[in-house]
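The values are calculated or read from the model by the stated rules, or taken from the named source; none is laboratory data. Just so we're clear, the structure is a prediction, and the values are computed from it rather than from any experiment. Positions of Cβ are backbone-derived with ideal geometry, glycine not excepted, and every protein chain shown enters the neighbour counts. Only protein heavy atoms, including side chains, enter the accessible area calculation; ligands, DNA and RNA are left aside. Shrake-Rupley method; radii C 1.70, N 1.55, O 1.52, S 1.80 Å.
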Amino acid sequence: QGQLVESGGGLVQAGGSLRLSCVASRSISSIYSMAWYRQAPGKQRELVGRITSSDITNYSDSVKGRFTISRDNAKNTVYLQMNSLKTEDTGVYLCNKWPVPTSWGQGTQVTVSS
């Protein structure tokens, strides 16, 4: 998928929403699953959710019902709509292939304040 550039993060109050974007420098249409990951301070990187080329999605229990992943292959872009944000959602959000990520982008910082 080439380079990955995440954007859309920021500071938001608990209960708020953000929409993250991940733009790939190459086509993602042939990539079966793209995923969003996050890394909280002092914690290991974790899988937030993923989406297949058939738009089948799967989410971690911690975000299920609040986050929605979508993809636009024509724009080489994967989105993460985050609603009802909680302080524990704070972290750097990154996108990549699933299950075997390739090179990582810089991610986008999401900070949820109480």
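The calculated FRET efficiency for the pair Arg66 and Val5, based on their C-beta separation and a Förster distance of 35 Å, comes to about 0.90. Between Ser114 and Ser17, residue separation times 0.36 nm minus the direct Cα-Cα distance comes to 33.6 nm. Rolling a 1.4 angstrom probe over the protein heavy atoms with all chains in place gives the chain an accessible area of 52 Å² per residue. Here Lys75 is the anchor, and the lysines within straight C-alpha reach of less than 20 Å, apart from those fewer than 8 places off in the same chain, are Lys97.
Taking only protein heavy atoms and a 1.4 Å probe, the accessible area of the chain is 47% carbon and sulfur. The largest accessible area among Glu46, Glu6, Glu88 belongs to the first residue in Glu88, Glu46, Glu6, and the rest follow in falling order (1.4 Å probe, all chains). Across q = 0.14, 0.23 Å⁻¹, region 30-114 modelled as identical point scatterers on its alpha-carbon atoms has Debye log10 I(q)/I(0) values of -0.45, -1.21, in the order of the q list.
How much length is gained if the chain between Asn73 and Asp55 is pulled fully straight, taking 0.36 nm per residue apart and subtracting their Cα-Cα distance, in nm to one decimal? This chain segment gains 5.4 nm when fully extended. What does the charge count near Val110 come to, summing +1 for each Lys or Arg and -1 for each Asp or Glu among other residues with Cβ under 15 Å from its Cβ? Once positives and negatives cancel, what remains is +2.
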